[in-house]
Amino acid sequence: MSVLEAKPQEYVCGSSLPTGPEELLVTARKVWLGKTTLVARALPDRAIRMIGAWCFLDHYGPEDVSDAPGMQVPAHPHTGLQTVSWLVEGEVEHRDSLGTQAMVTPGTLNIMTAGHGIVHSEISPVDKPPTLHGLQLWVALPDDVRESAPRFDRYTDLPIIERPGVRGQVLIGEIDGVRSPAISFSPLVGADLTLEPGTAVDLVTDPAHEHGVFVVSGEVTTGGVVAATTDQLIYLGTGRGAVTVAAGDAGARVLLLGGEPFAEEIVMWWNFIGRTHEEVAAFRAQWEHRDGAAGTERFPPVITRAERVMEAPVMPTVPLKPRPRRPPERQPPPSEGGR
Ligand code: MN
């Protein structure tokens, strides 16, 4: 997954930390991913930039791709983050500059740790299933590991969490006593939960973490009074030893996300995470000159240089500074350049 807007915003995230429980409803904004796929982007949001180290959340589909190309994201670079790919339906082929060629399928977790630098493409296979539906999240890497060697990890046997009225898989970290083996570099949690109609579940969570509940489908109530529907995120702040999620009459599928508040200030632009505007600009320049020695060192080709490649957009001169966490009024969504 990649940011494909013509003029992506530069976000400064972190540094303003939550101070306790809160309830804030965020509605994902619709962003075109190329010409074919419309995605709902819940993170980063003007009001809530991150949940723990989770810094990016795209939800795409369900989309009928039987007469459409499906996902067509050509080779593009990443730095300083992990991509977490999670499909609900369909198939997407992942290729990267480590030589990985992996089919992303429902229930299989694929985590690409960019570290120092990586290049990948995400393309629907020609003989794909008729429906494409999935999520991609990014996790910011802490400073001490963000220049580490890139790697790709795949988990085909994630632990099942099953409670009365609720079934799901723990993607990362531990929720209600169920722990995933997936690789993470900061205290983090993520779970995909399906709730039967009208059920409510209390899940034990770490009060030191901040949490959020993203609605993939259906309608839920959580935290207290806030109700949310598909493509909405309920941000819950920190200080909760349990999170209650209740489904509406049609049931619901949610992604429960959490993590230790990310105290480092990061700069996020296009597909890069750095610590300063200048550092991100240097990543961009190395991507532009990827055939040169310095560019190739950070961004080797995916399979061959013949692979279709995405050019970097122009960088803005003014970054979006973090907003104070309070007052928690919903901010208007940023305007998307180049729609
Ligand atoms: Mn990507």
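Can you list the HN-Hα couplings for region 185-201, worked out from phi with the Karplus curve (6.51, -1.76, 1.60; θ = phi - 60°), rounded to whole Hz and with x for Gly and Pro?
My calculation for region 185-201 gives 10, 8, x, 8, 9, x, 9, 9, 10, 10, 9, 6, x, x, 8, 10, 9 Hz in order.
What do you get for Rg/Rh of region 91-225 when both radii come from the Cα atoms and Rh is the Kirkwood radius?
A ratio of 0.99.
For region 24-40, what does the Karplus curve 6.51 cos²θ - 1.76 cosθ + 1.60, with θ = phi - 60°, yield as ³J(HN,Hα) per residue in whole Hz, taken in order and with x for Gly and Pro?
9, 9, 10, 9, 4, 8, 8, 10, 6, 9, x, 8, 10, 10, 9, 10, 9
Could you compute the net charge surrounding ARG95? Neighbours are other residues with a C-beta less than 12 Å from the C-beta of ARG95; K and R count +1, D and E count -1.
-3
In whole Hz and in residue order, list the ³J(HN,Hα) couplings for region 177-184 that follow from phi through the Karplus curve 6.51 cos²θ - 1.76 cosθ + 1.60, θ = phi - 60°; x for Gly and Pro.
Taking θ as phi minus 60°, the curve returns x, 9, 10, 8, x, 5, 6, 8 Hz for region 177-184.
Going by a ≥ b ≥ c, the root eigenvalues of the Cα gyration tensor, does region 21-165 fall in the rounded group (a/c under 1.5), the prolate group (a/b larger than b/c) or the oblate group?
Note, shape of region 21-165 comes out rounded.
Would you compute the Debye intensity of the chain from its alpha-carbon atoms alone, equal scatterers and no solvent, and pass along log10 I(q)/I(0) at q = 0.13 Å⁻¹ to two decimals?
Here the Debye-derived log intensity ratios amount to -0.96.
Please give the charge dipole size of region 187-322, origin at the Cα centre, charges +1 on K and R Cβ atoms and -1 on D and E Cβ atoms. Round to the nearest 20 debye.
300 debye
List the aspartates and glutamates whose Cα lies under 13 Å from the Cα of LYS30, skipping any in the same chain that are fewer than 8 positions away.
Those aspartates and glutamates meeting the cut-off are GLU5, ASP45, ASP58, ASP231, GLU336.
By the scheme Lys and Arg +1, Asp and Glu -1, what is the net charge of all other residues having a beta-carbon under 13 Å from that of ALA250?
Overall, the nearby charge balance is -2.
Based solely on its DSSP helices, what 222 nm [θ] is calculated for the chain when runs of n ≥ 4 H residues each add -39,500 (n - 2.57) and the sum is averaged over all residues, nearest 500 deg cm²/dmol?
Counting only the DSSP helices, I get -1500 deg cm²/dmol.
Name the residue farthest towards the positive end of the dipole of the chain from the options GLY80, VAL204, VAL267, assuming +1 on Cβ of Lys and Arg, -1 on Cβ of Asp and Glu, about the Cα centre.
VAL267
Only Cα pairs under 8 Å and at least 6 apart count here; give the relative contact order of the chain as a rounded whole percent.
Across the chain, relative contact order equals 26 percent.
Values in this text are rule-based calculations from the coordinates and carry no lab data. Everything quoted here is computed from the prediction, not taken from an experiment. Ideal geometry is used to build each Cβ from the backbone, glycine not excepted, and the neighbour counts take in all protein chains shown.
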